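**Q** Structure incoming, see below.
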2 protein chains.
Amino acid sequence: MNNVFVIGLGLIGGSMMLDLKYMEEGTTVYGIDHNEDHLDHALELGIIDKKADLNDLGTADLVIVSIPVNALVNQLGDILDRVKDDCLVIDTGSTKKLICEAVANHPKRRNFMAAHPIAGTEFSGPQAAIRDLFKGKTNIICEVEKTAFRLQERALAIFSELGMRIRYMDPVSHDKHIAYVSHLSHISSFMLGKTVIEKERNERDIFDMAGSGFESTVRLAKSSPDMWTPIFEQNKVNVIETLDEYIANLEEFKKLMEEDNFNAIYERMENTNRIKEILNGIIIKTT
Amino acid sequence: MNNVFVIGLGLIGGSMMLDLKYMEEGTTVYGIDHNEDHLDHALELGIIDKKADLNDLGTADLVIVSIPVNALVNQLGDILDRVKDDCLVIDTGSTKKLICEAVANHPKRRNFMAAHPIAGTEFSGPQAAIRDLFKGKTNIICEVEKTAFRLQERALAIFSELGMRIRYMDPVSHDKHIAYVSHLSHISSFMLGKTVIEKERNERDIFDMAGSGFESTVRLAKSSPDMWTPIFEQNKVNVIETLDEYIANLEEFKKLMEEDNFNAIYERMENTNRIKEILNGIIIKTT
């Protein structure tokens with residue numbers, strides 16, 4: 001690989017470039033972003049070597065597309081149109097069904113690998129990019145069989161050097177399950193932040209009372225609306241289902257409180273404490 | 001201060017003792033706990049010097065009562081009955097109204113200081129105790145005027161050595177606001193954990209897909225039901241109010257999704273991003 005292009009210089013694309021630059025001598029990283037400030041920052045921070053635009057894609061050996069999922073659906077076909085026959089194009093979108101459908105019949109479908117590296121922080125933009133973001137993290141690959149053999153091989157070598165664990169999954173299952181373990185967490189956090197801000201609007205020093213527990217549960221409410229609005233839109237049906245179940249659990253908790261059934265409340269919490277072992281699994285895997 | 005007693009050798013009581021032992025030469029720490037294992041662990045870990053029971057309280061100069069809030073309401077009067085006239089008794093309960101009411105007319109009310117050190121982790125028991133847990137954290141003191149002057153002074157000196165920032169508040173306001181910035185976070189986290197565990201019961205490797213965002217939002221679902229059930233019970237009215245508002249926000253978010261009103265969803269998230277500045281305030285204060 002010599003000419004690496006990254007389209008979208010956010011946290012994911014930027015962090016991936018920081019790692020890839022050290023992986024192979026003679027790699028030149030070209031950055032494409034509609035936000036000129038992001039390009040300038042990425043150059044200053046050494047994330048990219050050169051600015052580029054879509055017309056330069058014909059020289060690319062590898063293209064990482066890390067843009068919001070609505071832009072992915074719209075632009076992926078055009079990107080594939082522009083690359084040469086042995087170029088590998090990888091997306092990093094948090095939804096997979098509509099993205100895979102958008103290029104299902106594209107003549108260069110075999111140049112594309114649908115991926116979702118489950119990594120990130122609540123921060124965004126090239127300034128948020130960090131080395132080793134992907135180390136020990138899970139990367140979901142969808143429809144691997146639709147990618148050309150040699151390009152599968154190259155992609156897996158890259159993910160392996162980034163330190164990622166690979167899981168294969170069909171796009172529909174991906175979107176269904178990710179709604180529970182990622183999308184719902186973001187909504188719960190955003191709405192918690194909203195509830196508290198609304199209530200305490202006029203009493204700012206109340207936040208003096210907030211401890212690390214509050215901080216942890218509302219951390220995701222710092223996330224970018226530009227990234228998350230199209231995710232919720234594309235995964236609407238699954239997300240609404242998770243929201244229904246979450247709201248039903250909250251309603252039940254409230255009802256138990258109103259009925260003074262604190263034994264049942266104790267039991268609900270005790271059963272949920274099992275999350276400890278589940279999280280231990282996550283922590284062991286990711287460190 | 002020479003004879004320090006701690007009643008309840010959990011995270012809070014244990015951590016406080018670890019710090020206090022180093023604050024004054026010649027301090028002997030006595031531990032009281034109905035759980036014999038906790039006492040044994042606390043001895044082994046050097047958190048306490050000696051095991052004791054309630055009959056020994058007559059020799060105490062300082063008593064820290066760090067037991068669940070229902071036990072506090074039941075036992076605080078008896079504890080005050082047993083201490084000498086110049087002994088300072090401090091509680092660390094996460095609710096304040098019922099605790100203050102329970103001893104409002106106690107003849108030794110002036111020996112008591114109602115406190116809520118907003119510190120902790122999701123872990124519990126003496127094994128979870130750590131040095132410097134309270135450094136930079138907020139300590140809410142209620143009804144300070146009801147504590148004897150000299151004992152106020154002693155308490156403030158202790159909190160100052162622990163590194164805590166003091167905020168004075170009436171018990172009713174404390175319980176109202178803490179419901180938003182602490183109790184609601186715990187319920188949101190417990191119910192998120194419950195929703196995901198229920199859904200993914202038969203697909204354990206789905207948790208492979210969970211990243212640090214999920215981990216952060218469900219962290220509090222590891223918390224102890226023994227501690228939290230009585231907190232929700234004592235703060236029932238306020239907690240139900242916060243739950244109503246939280247559920248209403250989630251319902252609205254769901255409705256906006258169903259109506260494909262993603263502009264409004266974007267706007268809700270963007271407005272809530274202000275939580276960044278609020279959290280920066282918390283982080284600056286606590287580190």
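Let's see how each residue does on (1) surrounded by fewer than 17 Cβ atoms within 10 Å (Cβ to Cβ); (2) part of a loop (DSSP other than H, G, I, E, B):
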{"position": "B:25", "(1), (2)": "yes, yes"}
{"position": "B:34", "(1), (2)": "yes, yes"}
{"position": "B:40", "(1), (2)": "yes, no"}
{"position": "B:47", "(1), (2)": "no, yes"}
{"position": "B:64", "(1), (2)": "no, no"}
{"position": "B:70", "(1), (2)": "no, no"}
{"position": "B:74", "(1), (2)": "yes, no"}
{"position": "B:78", "(1), (2)": "yes, no"}
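**Q** Okay, next question. Keeping to the stretch A:1-59, report how many residues are aromatic (Phe, Trp, Tyr) and farther than 24 Å from residue A:73 by Cβ.
**A** The qualifying residues number 1.
**Q** Within the set of pairs 6 or more residues apart or between chains, which connect a residue that is closer than 22 Å to residue A:82 by Cα inside the stretch A:1-26 to a residue that is of a type in the set (D, E, K, R) and buried (at least 17 other Cβ atoms within 10 Å of the Cβ) with Cβ atoms less than 6 Å apart?
**A** Correct list of pairs: A:1/A:61; A:2/A:61; A:3/A:61; A:9/A:33.
**Q** Before we move on, is residue B:224 among the hydroxyl-bearing types (Ser, Thr, Tyr), in contact with a helix residue (DSSP H, G or I) (Cβ under 9 Å, 6 or more places away or on another chain), at the interface with chain A (Cβ under 7 Å from one of its Cβ atoms) and surrounded by fewer than 22 Cβ atoms within 10 Å (Cβ to Cβ)?
**A** No: the conditions fail for residue B:224.
**Q** Looking at B:213, B:193, which one is more than 23 Å from residue A:197 (Cβ to Cβ) and either at the interface with chain A (Cβ under 7 Å from one of its Cβ atoms) or not in a helix (DSSP H, G or I) (or both)?
**A** Exactly one residue qualifies, and that residue is B:193.
**Q** Could you tell me how many of the residues in the stretch A:133-158 are in a loop (DSSP other than H, G, I, E, B) and within 24 Å of residue A:102 (Cα to Cα)?
**A** Summing the residues that are in a loop (DSSP other than H, G, I, E, B) and within 24 Å of residue A:102 (Cα to Cα) in the stretch A:133-158 gives 3.
**Q** If you take the residues of the stretch A:239-254 that are within 8 Å of chain B (Cβ to nearest Cβ) and in contact (Cβ under 8 Å) with a residue 12 or more places away in the chain, which of them is farthest from residue B:199 (Cα to Cα)?
**A** A:253
**Q** Can you find a residue that is out of contact with any Asp or Glu (no Cβ under 8 Å at 6 or more places or on another chain) and part of a strand (DSSP E or B) anywhere in the stretch B:159-168?
**A** yes
**Q** Given the criterion touching a residue at least 40 places away in the same chain (Cβ under 8 Å) and not assigned by TED's automatic domain parsing to the domain that holds residue A:72, identify the matching residue among A:257, A:227.
**A** A:227
**Q** How many of the residues in the stretch B:1-23 are surrounded by 22 or more Cβ atoms within 10 Å (Cβ to Cβ), assigned to a loop (DSSP other than H, G, I, E, B), of a type outside the set (A, V, I, L, M, F, W, C) and touching a strand residue (DSSP E or B) at 6+ places or on another chain (Cβ under 8 Å)?
**A** Adding up the residues that qualify gives 1.
**Q** With respect to the numbered conditions (1) within 22 Å of residue B:266 (Cβ to Cβ); (2) surrounded by fewer than 17 Cβ atoms within 10 Å (Cβ to Cβ); (3) not basic (Lys, Arg), which one is the sole condition not fulfilled by residue A:98?
**A** (2)
**Q** Also, I was wondering about something else. Go through (1) basic (Lys, Arg); (2) within 28 Å of residue A:36 (Cβ to Cβ); (3) in a helix (DSSP H, G or I) and name the single condition residue A:110 misses.
**A** Checking residue A:110 against (1) basic (Lys, Arg); (2) within 28 Å of residue A:36 (Cβ to Cβ); (3) in a helix (DSSP H, G or I), the one that fails is (2).
**Q** Those residues that are surrounded by fewer than 18 Cβ atoms within 10 Å (Cβ to Cβ) and at the interface with another protein chain (Cβ under 7 Å from one of its Cβ atoms), I need them from the stretch A:255-265; list them, please.
**A** Hits for the stretch A:255-265 are A:258, A:262.
**Q** Still on this structure, please answer the following. Restricting the first residue to the stretch B:104-120 and requiring it to be on the phi < 0 side of the Ramachandran plot, which pairs with a second residue that is modelled with pLDDT under 95 and part of a strand (DSSP E or B) meet a Cβ separation below 7 Å and a spacing of at least six or different chains?
**A** Listed by first residue and then by second, the contacts come to B:118/B:138.
**Q** Between a first residue in the stretch A:127-149 that is surrounded by 15 or more Cβ atoms within 10 Å (Cβ to Cβ) and a second residue that is β-branched (Val, Ile, Thr) and part of a loop (DSSP other than H, G, I, E, B), which pairs have beta carbons less than 6 Å apart while being 6 or more apart in sequence or on different chains?
**A** Here the result reads A:129/A:47, each pair linking the stretch A:127-149 to a residue that is β-branched (Val, Ile, Thr) and part of a loop (DSSP other than H, G, I, E, B).
**Q** Against the conditions (1) in contact with a strand residue (DSSP E or B) (Cβ under 6 Å, 6 or more places away or on another chain); (2) farther than 20 Å from residue B:214 by Cβ, where does residue A:167 fall short? Just the number, please.
**A** Tallying (1) in contact with a strand residue (DSSP E or B) (Cβ under 6 Å, 6 or more places away or on another chain); (2) farther than 20 Å from residue B:214 by Cβ, residue A:167 fails exactly one: (2).
**Q** In the stretch B:137-146, how many are touching a helix residue (DSSP H, G or I) at 6+ places or on another chain (Cβ under 6 Å) and either more than 24 Å from residue B:15 (Cα to Cα) or of a type in the set (Ser, Thr, Tyr) (or both)?
**A** Selection size over the stretch B:137-146: 3.
**Q** A further question on this structure: So, in the stretch B:119-138, exactly how many residues are under 17 Å from residue A:211 (Cα atoms) and touching an Asp or Glu at 6+ places or on another chain (Cβ under 9 Å)?
**A** Total meeting the criteria: 6.
**Q** Kindly list the number of the only condition in (1) under 30 Å from residue A:276 (Cβ atoms); (2) in contact with a Phe, Trp or Tyr (Cβ under 6 Å, 6 or more places away or on another chain) that fails for residue B:89.
**A** (1)
**Q** A further question follows. Among (1) at pLDDT below 95; (2) buried (at least 22 other Cβ atoms within 10 Å of the Cβ); (3) among the β-branched types (Val, Ile, Thr), which single condition is residue B:231 missing?
**A** Result: residue B:231 fails condition (1) only.
The values are calculated or read from the model by the stated rules, or taken from the named source; none is laboratory data. Every value quoted in this text rests on a predicted model; they were computed, and no experiment measured them. Every residue, glycine among them, receives a Cβ derived from its backbone with ideal geometry; neighbour counts consider all protein chains shown.
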